[in-house]
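The block underneath contains the structure these notes are about, expressed in structure tokens.
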Amino acid sequence: MCGIVGFTGSTAASPVLIEGLRRLEYRGYDSAGVAVQRNGQLRLVHRMGKVAGLAEAVEQEQLEGTCGIGHTRWATHGRPSTANAHPHTSCDGRIAVVHNGIIENYVELKEELEADGHRFTSQTDTEVAAHLIEAAYAQTPDLVEAVRAATQRMAGAYGLAVISADEPGAIVVTRKDSPIVIGMGPDGARVASDVIALIDATRDVTVMADGELAKLSPTEITYYNAAGQVVDPKITHIDWDIDVAEKGGYPDFMLKEIHEQPRVIRDTLAGRLVDGTLAIDELDLSVEELNLIDRVYVIACGTSYHAGLIAKNLIEGWARIPTEVEVASEFRYRNPIITPTTLVVAVSQSGETADTLAAIRDARCKGAKVFGITNVIGSPVARESDGVIYTKANKEIAVASTKSFLGQVVSLTLLGLLLAQVKGKMRTNQIRLLFRELADTAAQVESILSDVSAIDEAALACKDASSALFIGRGMGAAISYEGALKLKEISYLHAEAYAAGEMKHGPIALLCDGFPVIAIATQSPVYDKVISNLQESKARGAMIVAVATEGDEEIRKHADHVIYIPKVRDCFSAITASVPLQLLARSIAVLRGCNVDQPRNLAKSVTVE
Ligand code: AGP
């Protein structure tokens, strides 16, 4: 969703801000803007649409100055428009603010500020922050103090970066439930809502904690706690490379990230089998505590939720612990049965999904232990969970999750094996064997990626459809849900997923000549049942695309297109079978002329409810 950048240093601010905003484009946005401070004045430029348009406008306006802030906005309060684009300013135009999150009490604050004579020019919640800071600054002309006083009035979530015409070279930042990272580069200090916007300047960053403030100047950064006292920062070293932000010869990030998956599998498994025993030390629970777990909830949204569906099969199958998978937005509003022996596993690529975070807080309040599975070091999910497993996907840029999904599935598979180990449901040699086979999936995914001709052929056959059905049973059902989501989010082709046995209870009515049915028909205990479902579909004229196991010649009798994948044990089929579905969705999207990396209306991190 929205993105924040800020720079104060010895060189021109605008190019740094524009480059930072470009790096944040992947998050999804509808407008963008910058404010730059110079000679006791602030100058602002806002544009609807892409950062490229803003960059041209900034060049035309010759925005000079070495201190500024910038923003990409994904509309929540107030439609996408130039007037609603950030930065927003105080009445006198001497304070400018960029904001991520939602100020929940903005209506009440706005009424109060208007009664005091403040004039508003946008429909946003953010603008109240500019006016609150203006009012506080009039009382105490110190930007840190003014921001601190203003945020004490604000309810909701905020990452804020603020500049004032009266404080040359200073940027004040703070946050609550919305990420802010800060770093000092060779040419000055930078702030951003995502480390990707500043990693080319420094790899040593401070991930701010809720309530903290910081004042950036060209040569130093001062940190304050919520009480306004100076504190020492905690520095985090980022060990991934900036080339994650480049396409590396691939036409889009999505394809590049799909091809990174063998590496993700290997990195996620590295160091996990120590002397033949599984080890996930980050979980921070003793074997005795783990052994007491008698119920598991996996909570997540979207693709991460689908990784949870796969985990349910594994945890119940291996560890024999009842496992529920719930979308976080529902979990947080019900009254789930939670006891001190309940384990809640929160899965989130970004680590900042608002619904997942709220569900974590709720679960912890009710006494559950919470494990986070996330891709982002220091993210709110990581910080607010009792233990965390980091998926080793590295930064994911394409809005549609691929490599982080696989990282989640592999991490959840490890968790399933670990629970089986501590519960004594599997022998050590069985665990070792499964671990080895799990590791082999990296090479199997490589083999799928090495020949995509059958996938491209199936994509051609599907590209003009208006709807598609994904079906499977058991693991295949869980994989189908993710396949359908991938297709709809990037190609805008309507797709639904069904447990294949449910077809005859409704969705079969959709089938007609040429209707694409994409089936997970890999070798599994329910293979024959899936074949029956394919026959039912074929009899109604459907065009069948089957993802099947190499060597299965029988499937050709039932399917119009067959995508073969290497033979794996059913419990690992989600890892291999998901890959052709990712590639299929991408090929269809490309054939339909869609922007694969930045689908319309979607944001990479959904930081609002
Ligand atoms: C994935 O392709 C989607 N863009 C989306 O469903 C995503 O998985 C969901 O918003 C959850 O995000 P998270 O993993 O960062 O919490």
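The values are calculated or read from the model by the stated rules, or taken from the named source; none is laboratory data. Please read all numbers here as calculations on a predicted model, not as lab measurements. Cβ: placed from backbone, ideal geometry, glycine included. Neighbour counts: every protein chain shown. For accessibility, only protein heavy atoms count, side chains too; no ligands or nucleic acids. Shrake-Rupley method; radii C 1.70, N 1.55, O 1.52, S 1.80 Å.
Values as computed for the structure displayed
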read-out: Where chymotrypsin sites (Phe, Trp or Tyr not before Pro) fall in DSSP loop in region 314-356, at most 16 other Cβ within 10 Å; value: 333
read-out: Sulfur and carbon atoms: percent of accessible area, the chain [1.4 Å]; value: 48 percent
read-out: Folded to 0 to 90 degrees: helix 302-314 orientation relative to the chain principal axis, Cα; value: 40 degrees
read-out: Part-to-part distance (alpha-carbon centres) for region 134-186 and region 486-526, which is given in Å; value: 50 Å
read-out: Rg [Å, one decimal], Dmax [Å, integer] - region 443-511, C-alpha atoms; value: 13.4, 40
read-out: Residue-count net charge about residue 500 - beta-carbon cut-off 12 Å; Lys, Arg +1, Asp, Glu -1; value: 0
read-out: Degrees separating the helix 573-591 axis from the principal Cα axis of the chain, which is the longest one; value: 60 degrees
read-out: Phi-based couplings in Hz for region 145-150 (Karplus 6.51, -1.76, 1.60; Gly and Pro marked x); value: 5, 5, 5, 4, 5, 5
read-out: Value of [θ]222 nm, deg cm²/dmol, for the chain, DSSP H segments ≥ 4, -39500 (n - 2.57) each, nearest 500; value: -11000 deg cm²/dmol
read-out: Modelled FRET efficiency - R0 30 Å, residue 219 with residue 81, Cβ distances, 0.05 increments; value: 0.20
read-out: ³J(HN,Hα) computed for each position of region 222-234 - Karplus, 6.51 cos²θ - 1.76 cosθ + 1.60, integer Hz, glycine/proline x; value: 10, 10, 10, 7, 4, 8, x, 8, 5, 10, 7, x, 9
read-out: Per-residue ³J(HN,Hα) for region 397-412, Karplus 6.51 cos²θ - 1.76 cosθ + 1.60, θ = phi - 60°, Hz, x for Gly and Pro; value: 9, 4, 4, 6, 6, 10, 5, 6, 4, 5, x, 5, 4, 5, 5, 5
read-out: Separation between Cα centres of region 385-422 and region 1-29, rounded to whole Å; value: 29 Å
read-out: Amide H partners (placed H, <5 Å) of residue 565, local residues excluded; value: 548, 549, 550
read-out: Probe 1.4 Å, protein heavy atoms only - accessible area per residue of the chain in square angstrom; value: 37 Å²
read-out: Whole-Å distance, taken between Cα centres, linking region 74-112 and region 305-375; value: 34 Å
read-out: Highest-first arrangement of 56-64, 353-361, where packing means the average Cβ count within 10 Å; value: 353-361, 56-64
read-out: Interchain or long-range residues, amide H under 5 Å from residue 297's placed H; value: 324, 343, 344, 345
read-out: For the chain, share of DSSP beta bridges that run antiparallel, in % to the nearest 5; value: 60 percent
read-out: Residue order for 462, 91 - accessible surface, 1.4 angstrom probe, largest first; value: 91, 462
read-out: Principal-axis tilt of helix 453-462 within the chain, Cα atoms, nearest 10 degrees; value: 80 degrees
read-out: Range of Cα positions in the chain per principal axis (Å), largest first; value: 77, 56, 44
